[in-house]
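S.K.: Let me give you the structure first, and then I'll get to my questions.
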Amino acid sequence: MKLDGVRVLDLSRFLPGPYMGMLLADHGAEVIKIEHGSGEPTRYFGPEVEGFTTYFRNTQRGKLSVKLNLKEDEGVHIFLKLAEQTDIIIDSFRPGVVDRLGIGYEAVAKRNPGIIFCSLSAFGQTGEMSTRPSHDLGAQAITGVLSLGSRGADDTALPASPTADVALGSLALVGIMMALYRRETSGRGDYLDMSMTDSLMSWTPHILSEVIANNAAPNLSCERLYGGAAFYNIYETSDGRRLVLSGSEMTFVVNLLNALKRPDLIPLCEKPWGEAQKPVKEFLRRTFLTRTLSEWSEWFSERSVCWAPVLELDEAWEQKFLRERGIISKGKDGVERVGTPVRFLNEPGAPSDKLPTVGEDTQQVLGQVGYYPSDYDRLIEEGVC
């Protein structure tokens, strides 16, 4: 696989770092998860299937687990020995913590100049907000992204997806791949300072026009992605279900409005989003209320229109095409899982069936840096492992 021979030390917890580490493992990297105490919090989030939570299964598969107390001097010594043989370190401690522990980038790079050290945080390693704690919701709030789903001070919707977490993990993965590629010619690694707020702000160019041009908040009712466009909107059906029109290209507009015998509305869809398209939205609202979702699904099957039913998550999970694509598959234990979204024609990823218990690989991994079974017993007694 693409990442065979790459070793990763994963100090991260929860979603962004673990998800990124899992993708690396899916494509052949050896990912060693460093845990302490009861281990990764997501081991205990939500229901278990065959001894592991589904959250843990879909963010931690394929990793080795090493139990290591980094507040002990020998724990730090062991980590640095492992880092000498490592390509990538992922860290999600609050800024400054790894340096205080003695395992930060500078300490590791002295031993291993080729190390790629990726620090994940809410607000970055520098600046006045750097030491402030936060998770995904706080990042969405402070970047203004949360407001895009609101309808007033008393009606702000919680986000449907942890966008800041996923943006951070995805962009950090891109950065790590850049650093790995550059290391091939330079021989040196690098340090990545990746934050949720930076990542999320980089995902907002579609909505920044009013902000940059006029220093004003966008009027969402006039924005295509937020309800201003008739053909990029959500509509209710007669049975209380919903469907979306998800493409405002004129080809789709013409196909649908001609089929509904309202070609007179086509010119309105060429006008700016917002007030001008209200008559079209009102017509479509009334029209979609005349049939059930199932009936509309059959009706749309013969027409080239960009649309989709709004499914519950359990309904979405049962769709055949997701299994055909391999994004849903079964492990050897028969439990379904989310597959790897990175698909190569040659050397495709192969999600592992390994799900580690806390510290189950400690003795094996420590043996690679000169520790014997008798040392391992001592390390347990001394609280290092």
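The values are calculated or read from the model by the stated rules, or taken from the named source; none is laboratory data. This one's a predicted model, so the numbers in the text were calculated from it and none came from an experiment. Cβ placement follows ideal geometry from the backbone for every residue including glycine, while neighbour counts extend to all protein chains displayed.
S.K.: Looking only at segment 212-264, count every residue that is touching a Gly at 6+ places or on another chain (Cβ under 7 Å) and either buried (at least 16 other Cβ atoms within 10 Å of the Cβ) or within 21 Å of SER301 (Cβ to Cβ) (or both) and tell me the total.
M.R.: Total meeting the criteria: 5.
S.K.: Collect the residues in segment 99-116 that are surrounded by fewer than 23 Cβ atoms within 10 Å (Cβ to Cβ) and not basic (Lys, Arg), keeping them in residue-number order.
M.R.: Those that are surrounded by fewer than 23 Cβ atoms within 10 Å (Cβ to Cβ) and not basic (Lys, Arg): ASP99, LEU101, GLY102, GLY104, TYR105, GLU106, ALA107, ALA109, ASN112, PRO113, GLY114.
S.K.: Report, by residue number, each residue of segment 158-204 that is more than 12 Å from the chain's Cα centre (by Cα), loosely packed, with under 13 Cβ neighbours inside 10 Å and farther than 27 Å from PRO113 by Cβ.
M.R.: Scanning segment 158-204 gives LEU158, ALA160, SER202.
S.K.: Return yes or no: is ALA230 over 28 Å from the mean Cα position of the chain (by Cα) and in a helix (DSSP H, G or I)?
M.R.: Judged against the criteria, ALA230 is not a match.
Residue-by-condition table, conditions (1) in a loop (DSSP other than H, G, I, E, B); (2) of a type in the set (Phe, Trp, Tyr):
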| site | (1), (2) |
| --- | --- |
| ARG285 | no, no |
| LEU311 | yes, no |
| SER329 | no, no |
| THR340 | yes, no |
| PHE344 | yes, yes |
| PRO351 | yes, no |
| GLY359 | yes, no |
| GLY370 | yes, no |
| SER374 | no, no |
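S.K.: Still on this structure, please answer the following. Of these, SER130, SER147, which one is in a helix (DSSP H, G or I), surrounded by fewer than 18 Cβ atoms within 10 Å (Cβ to Cβ) and of a type in the set (Ser, Thr, Tyr)?
M.R.: The unique qualifying residue is SER147.
S.K.: So how many residues does segment 205-226 have that are within 12 Å of GLY149 (Cα to Cα) and within 25 Å of the chain's Cα centre (by Cα)?
M.R.: 2
S.K.: I've got another one for you. Exactly one condition in (1) part of a helix (DSSP H, G or I); (2) of a type in the set (Lys, Arg); (3) more than 26 Å from ARG343 (Cβ to Cβ) is not met by ARG291; state its number.
M.R.: Of the numbered conditions (1) part of a helix (DSSP H, G or I); (2) of a type in the set (Lys, Arg); (3) more than 26 Å from ARG343 (Cβ to Cβ), the odd one out for ARG291 is (1).
S.K.: Moving on. So which pairs qualify, if the first residue must be in segment 225-238 and β-branched (Val, Ile, Thr), the second must be crowded, with 18+ Cβ neighbours inside 10 Å and not in a strand (DSSP E or B), the Cβ gap must be under 8 Å, and the two must be at least 6 apart or on different chains?
M.R.: THR237/PHE288; THR237/LEU293; THR237/TRP296
S.K.: If you don't mind, another one. Scan segment 103-120 and report the pairs whose first residue is in the same structural domain as GLY175 (by TED's automatic domain parsing) and whose second residue is of a type in the set (Phe, Trp, Tyr) and surrounded by fewer than 17 Cβ atoms within 10 Å (Cβ to Cβ), with Cβ atoms within less than 6 Å and a gap of 6+ or a chain change.
M.R.: Listed by first residue and then by second, the contacts come to nothing, as the list is empty.
S.K.: Right, here's the next one. In this structure, is GLY370 more than 23 Å from VAL244 (Cα to Cα) and surrounded by 12 or more Cβ atoms within 10 Å (Cβ to Cβ)?
M.R.: Judged against the criteria, GLY370 is not a match.
S.K.: All but one of (1) touching a residue at least 24 places away in the same chain (Cβ under 8 Å); (2) more than 22 Å from GLU347 (Cα to Cα); (3) of a type in the set (Ser, Thr, Tyr) hold for TYR19; state the number of the condition that does not hold.
M.R.: Failed condition: (2).
S.K.: Conditions: (1) of a type outside the set (Asp, Glu); (2) buried (at least 18 other Cβ atoms within 10 Å of the Cβ); (3) not assigned by TED's automatic domain parsing to the domain that holds CYS118. LEU24 meets all but one. Number of the miss?
M.R.: Going through the list (1) of a type outside the set (Asp, Glu); (2) buried (at least 18 other Cβ atoms within 10 Å of the Cβ); (3) not assigned by TED's automatic domain parsing to the domain that holds CYS118, LEU24 breaks only (3).
S.K.: Quickly run through segment 319-338 and pick out the residues that are surrounded by 14 or more Cβ atoms within 10 Å (Cβ to Cβ) and out of contact with any Leu (no Cβ under 9 Å at 6 or more places or on another chain).
M.R.: Those that are surrounded by 14 or more Cβ atoms within 10 Å (Cβ to Cβ) and out of contact with any Leu (no Cβ under 9 Å at 6 or more places or on another chain): LEU322, ARG323, GLY326, ILE327, SER329, VAL335, GLU336, ARG337, VAL338.
S.K.: Sort through ALA217, ALA141 and tell me the only one that's more than 30 Å from ALA107 (Cα to Cα) and not in a helix (DSSP H, G or I).
M.R.: One residue alone meets the criteria, ALA217.
S.K.: Would you confirm whether or not segment 211-224 contains a residue that is at pLDDT 95 or above and touching a strand residue (DSSP E or B) at 6+ places or on another chain (Cβ under 6 Å)?
M.R.: no
S.K.: Further, regarding this structure: Here are the criteria: (1) touching a Ser or Thr at 6+ places or on another chain (Cβ under 9 Å); (2) assigned to a loop (DSSP other than H, G, I, E, B); (3) closer than 28 Å to GLY144 by Cα; (4) not β-branched (Val, Ile, Thr). Tell me which single one SER238 does not satisfy.
M.R.: Of the numbered conditions (1) touching a Ser or Thr at 6+ places or on another chain (Cβ under 9 Å); (2) assigned to a loop (DSSP other than H, G, I, E, B); (3) closer than 28 Å to GLY144 by Cα; (4) not β-branched (Val, Ile, Thr), the odd one out for SER238 is (3).
S.K.: Of the numbered conditions (1) within 23 Å of ASN58 (Cα to Cα); (2) part of a loop (DSSP other than H, G, I, E, B); (3) at pLDDT 95 or above, PHE321 fails exactly one; give the number of that condition.
M.R.: Checking PHE321 against (1) within 23 Å of ASN58 (Cα to Cα); (2) part of a loop (DSSP other than H, G, I, E, B); (3) at pLDDT 95 or above, the one that fails is (2).
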